[in-house]
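For reference, the structure discussed in these notes is given below.
The values are calculated or read from the model by the stated rules, or taken from the named source; none is laboratory data. Given the structure is predicted, the values throughout are model-derived calculations rather than measurements. Quick reminder, even Gly has a Cβ in these numbers, built from the backbone with ideal geometry, and neighbours come from all protein chains shown.
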Amino acid sequence: MTSQNQILFEKSLALIPGGVNSPVRAFRSVGGTPIFFKKGLGSKLWDADGKEYVDYINSWGPMIVGHAHPEVTKAVQAVAANSLSFGAPTGLELEMAEMINKLVPSIEQVRLVSSGTEATMSAIRVARGFTKRNKIVKFEGCYHGHADALLVKAGSGLLTFGEPTSAGVPAEVVADTLTLEYNNTQSLKDLFGKIGDQIACVIIEPVVGNMNLIVPNLEFLQTLRELCTKHGTVLIFDEVMTGFRVALGGAQALYNIKPDMTTLGKVIGGGLPVGAFGGRKDIMQCLAPLGAVYQAGTLSGNPVAVTAGLATLKLIQEKDFHEKLTAQTKKLMDGIVQAAKEAGVAFSAQSVGGMFGLYFSAICPTSYYEMMQSDKTAFNKFFHSMLESGVYLGPSAFEAGFVSAAHTDADIAFTIEAAKKAFAGL
Ligand code: KE4
């Protein structure tokens, strides 16, 4: 019998490119039919056929307190009754700015936008306007959204498609985008030694989640900070994924490294469209209407989206929230690693806070090159077996996974049992 997922997918293909509104959802990397969901509650999802899953995507990070958390839903319903948007300032945006400044003190001033892409695109522009330089540096395998200048050897869906540089981006637009190898400290020293005073900014995922999870070498991050300071280069931590997830204050708190600017998204919208960029006041003062760098947005700071974000940010400040989330995620990793070991499968896994990486390789990769050596075919078979068992992982070997505060010990045990079955079938 044809499933509802298949029916919906076939019909979607007629009107939506690839049947999806974001490429990674298309299952092109893992094969098969994308799952169309109808409902989420806590750690669970239900698809169009009513099949239940334990969810480890959590909308790629935002649903950190679980799906349909009653306090978030109640807050959104109440504020929505007062109109969905004004296109004018609201006290809610001030409350969000105060909350972000409190939780991420390096953000002295912040501007809200509607996606992570808008946040990184705007941060790059401000950094270029502030330094009056054009060159920007990113790292192979890191993904910062789909702004033209950043679609160079990007991660996430682009890795999945094996198209390191997107079509439709003129060479001139990326002529000033330089790409280095993540965790390669010497390459930083070499580049800054040559052209450091020409570099407007370096943008980095301080913990990478878009070529699967890659943990930073602390000396690499510290050297990057020192070189940016020495050469007047703006250091941008793209914490769209790591913000409020690897620690309450993000990766910058975890590693005690202060960037000049930070980009945020995902968790600060609690599932609704909110992004943000901010940092040193002297840099942010370059922004219109004060300065010459233009940036704008009809729905920036949308009251309903900001309310969902504020409700979420209040919940993650509950006592021991991140300690519990980190411990639950590590318990999951330990159980899956043990299952692989018992099955004799070359496998490794690691986690940072509430995000994790599963690798079909004997060691946890520390670079893009090492990540590319992992066994993608084994991952794809593992993915489908887990899906069959009712566990929803990211449909690509190049994505990190996410745990929420709603994932119970029973969910973890269920997932580990499903992993045992999946490893046995490899
Ligand atoms: P959005 O424009 O998708 O809101 O954010 C872009 C972005 C920026 N920076 C980082 C570190 C990110 O991880 C992202 C988006 N992450 C992907 C997940 N790999 C979004 C999933 C998708 O593209 O559908």
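At-a-glance table
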| quantity | calculated |
| --- | --- |
| Residues of segment 30-62 satisfying the condition of being within 16 Å of D411 (Cα to Cα) and either at pLDDT below 95 or not in a strand (DSSP E or B) (or both) | S43, K51, Y56, I57, N58 |
| Count of segment 341-363 residues which are more than 16 Å from F398 (Cβ to Cβ), surrounded by fewer than 23 Cβ atoms within 10 Å (Cβ to Cβ) and aliphatic (A, V, I, L, M) | 5 |
| Hits in segment 110-153 (condition: of a type in the set (S, T, N, Q), near the ligand (Cβ under 9 Å from one of its atoms) and in a helix (DSSP H, G or I)) | T117, T120 |
| Top-ranked residue in segment 227-246 [being outside any helix (DSSP H, G or I) and of a type in the set (D, E, K, R); ranked as farthest from the ligand (Cβ to nearest atom)] | R245 |
| Close pairs (9 angstrom Cβ cut-off, 6 or more residues apart or separate chains): within 16 Å of M63 (Cα to Cα) and hydroxyl-bearing (S, T, Y) in segment 238-252, assigned to a loop (DSSP other than H, G, I, E, B) and at pLDDT 95 or above anywhere | T242/G61; T242/E205; T242/P206; T242/V207; T242/G209; T242/G250; T242/G353 |
| Set S385, S374: member being crowded, with 17+ Cβ neighbours inside 10 Å, away from the ligand (no atom under 16 Å from the Cβ) and assigned to a loop (DSSP other than H, G, I, E, B) | S374 |
| Segment 149-164, residues that are surrounded by fewer than 23 Cβ atoms within 10 Å (Cβ to Cβ), small (G, A, S) and either closer than 9 Å to T177 by Cβ or modelled with pLDDT of 65 or more (or both) | A149 |
| Which listed residue is of a type in the set (K, R) and closer than 17 Å to Y368 by Cβ, from K189, K194, K153 | K153 |
| Residue within segment 83-100 that is under 26 Å from G249 (Cβ atoms) and under 17 Å from the mean Cα position of the chain (by Cα) present | no |
| Subset of segment 181-219 that is closer than 16 Å to N134 by Cβ and within 15 Å of the ligand (Cβ to nearest atom) - its residue that is surrounded by the fewest Cβ atoms within 10 Å (Cβ to Cβ) | I203 |
| Residue among A80, A97, A88 that alone is at pLDDT 95 or above and over 26 Å from T263 (Cα atoms) | A80 |
| Matching residues in segment 9-24 - criterion: being surrounded by fewer than 19 Cβ atoms within 10 Å (Cβ to Cβ) and not polar (S, T, N, Q) | E10, K11, L13, A14, L15, I16, P17, G18, V20, P23 |
| Positions within segment 7-29 being part of a helix (DSSP H, G or I) and either closer than 17 Å to L393 by Cβ or within 16 Å of the ligand (Cβ to nearest atom) (or both), in sequence order | S12, P17, G18, G19, P23, V24, R25, A26 |
| Residue in segment 62-72 that is closer than 29 Å to S367 by Cα and β-branched (V, I, T) present | yes |
| Unique match (being small (G, A, S), under 30 Å from S12 (Cα atoms) and within 16 Å of the ligand (Cβ to nearest atom)) among S59, S85 | S59 |
| Selection count, segment 253-273, where residues are more than 9 Å from the ligand (Cβ to nearest atom) and either buried (at least 24 other Cβ atoms within 10 Å of the Cβ) or within 26 Å of A296 (Cβ to Cβ) (or both) | 10 |
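The rows are residues; the columns are (1) without any contact (Cβ under 8 Å) to a residue 24 or more places away in the chain; (2) of a type outside the set (A, V, I, L, M, F, W, C).
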site	(1), (2)
L15	yes, no
V24	no, no
F27	no, no
G31	no, yes
N58	no, yes
E71	no, yes
N82	no, yes
S106	no, yes
